[in-house]
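Written out below as structure tokens is the structure these notes cover.
The values are calculated or read from the model by the stated rules, or taken from the named source; none is laboratory data. Everything numeric here is computed off the predicted structure, so don't read it as measured data. Glycine also receives a Cβ, built like all others from the backbone with ideal geometry; neighbour counts cover every protein chain displayed. We work out accessible area using only protein heavy atoms, side chains counted, and drop any ligands, DNA or RNA first. Shrake-Rupley method; radii C 1.70, N 1.55, O 1.52, S 1.80 Å.
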Amino acid sequence: MIVYNMKTLTKVLLASVTVALIAIKWNTPTFNAESLRGARVLVTGASTGIGEQMAYHYARFGAQIVITARRENVLQQVAEKCLSMGAQKALYISADMSSDTDPERVVDFALDHLGGLDHLVLNHIGSSPFSMWEGDVEHLRWLMKVNFFSYAQMAWKALPSLEQSKGSLIVVSSLLGKMTIPFVAPYVSTKFALNGFFGTLVHELAMKSSNVSISTCTLGLIDTDSAMEKVKDISHVPAYPASEAALNIIKTGATRQRELFYPWFVYIVTLFRDFLPGARDYLIQMSYN
Ligand SMILES: NC(=O)c1ccc[n+]([C@@H]2O[C@H](COP(=O)([O-])OP(=O)(O)OC[C@H]3O[C@@H](n4cnc5c(N)ncnc54)[C@H](OP(=O)(O)O)[C@@H]3O)[C@@H](O)[C@H]2O)c1
Ligand SMILES: *[C@@H]1O[C@H](CO)[C@@H](O)[C@H](O)[C@H]1NC(C)=O
């Protein structure tokens, strides 16, 4: 009897999830690549990884791009490649997002050189060890500046221009902004902070009848060098291609959708996150033994 009920329950759950996924797919606005031709875009953390791939996609679509990160020589190479791929403009500015003033300086640079902004893509992260929390508050404070405070600063600085252009604000977050695993306390903290802050801002912009859309991107494991280096000892987690993640982020912003889940099953994980908290924590801890 119990077995029968479990089977029925599973079927009903699977059916509901399927219906939900079809409904989401149905309601997803279609992406028009032409909408990005000439678009004025600022991408942070664009010297490597997902940010670099986003720069190349925007370039292919004929956007005007400003890219930023710390390493100027790498940025220069990425910018040159963007131009060769079809970007109308590709400028770079080196900046350190742990600084109090660099985040605003970068937005000012983009506004000056592009004459406004249509898409602001906040994507950079500082590097953080994959290890147990041993009380390094200095590192936590530094990472909060890089991964969180600079996002709030840049978003606020760019908002008036985005209001004028009916633009898109795109925040690259993580499944680890919605659930926790061991060894990444500082990183997880900054991503939870982002989700909290921009989730609140969404409501406040709605109350102001704002023209600006905010997209939060919840990513699973992506095959960038820095991420692969961190998880090399826990090989059972599947990693997804950075270029495809980048394209999905761009489309989400261009179609002004509230959330992206990539890969798709990350959405299922968030759905069941709080269903059985004890079982969830047990499964997570088991997978590390
Ligand atoms: N890869 C994944 O598995 C994964 C999973 C979920 C979410 N995400 C999210 O996706 C985004 C991109 O991740 P990724 O793997 O592509 O990262 P990544 O390859 O490590 O690239 C990080 C970027 O940030 C820049 N950066 C680092 N420190 C900086 C600082 N202090 N000031 C300014 N720029 C700085 C780096 O360039 P410089 O060194 O030249 O400064 C680089 O361009 C992040 O928001 C991340 O949380 C990634
Ligand atoms: C939205 O854009 C229009 C111009 O198209 C502008 O008049 C209006 O002030 C903007 N809304 C906000 C909240 O800034």
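Summary table
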quantity	calculated
Of all residues in segment 97-122 being in a helix (DSSP H, G or I) and open to solvent by 20 Å² or more (accessible area, probe 1.4 Å), the one that is nearest to ALA254 (Cα to Cα)	LEU111
Extreme residue, surrounded by the fewest Cβ atoms within 10 Å (Cβ to Cβ), among residues of segment 192-209 that are in contact (Cβ under 8 Å) with a residue 40 or more places away in the chain and either more than 17 Å from the chain's Cα centre (by Cα) or away from ligand 2 (no atom under 16 Å from the Cβ) (or both)	PHE197
Selected residue (only one of ILE125, ILE181, ILE93, ILE170 is of a type in the set (Val, Ile, Thr), over 19 Å from the mean Cα position of the chain (by Cα) and not in a helix (DSSP H, G or I))	ILE93
Among (1) away from ligand 2 (no atom under 16 Å from the Cβ); (2) more than 16 Å from LYS230 (Cβ to Cβ); (3) open to solvent by less than 30 Å² (accessible area, probe 1.4 Å), the one test that VAL212 misses	(1)
Qualifying residue in segment 128-142 (condition: open to solvent by 30 Å² or more (accessible area, probe 1.4 Å) and either within 16 Å of ligand 2 (Cβ to nearest atom) or part of a strand (DSSP E or B) (or both))	no
Selection within segment 136-158 - small (Gly, Ala, Ser) and more than 13 Å from ligand 1 (Cβ to nearest atom)	ALA152, ALA155, ALA158
Meets criteria (of a type in the set (Ser, Thr, Tyr), within 16 Å of ligand 2 (Cβ to nearest atom), more than 12 Å from the chain's Cα centre (by Cα) and buried (at least 16 other Cβ atoms within 10 Å of the Cβ)) for SER189	no
Count of segment 159-180 residues which are within 16 Å of ligand 1 (Cβ to nearest atom) and open to solvent by less than 50 Å² (accessible area, probe 1.4 Å)	11
Check on SER128, under 30 Å from ILE268 (Cβ atoms) and not aliphatic (A, V, I, L, M)	yes
Identity of the residue in segment 39-58, part of a strand (DSSP E or B) and not hydrophobic (A, V, I, L, M, F, W, C), that ends up nearest to ligand 1 (Cβ to nearest atom)	THR44
Test result for SER128, among the polar types (S, T, N, Q) and closer than 19 Å to GLU204 by Cβ	no
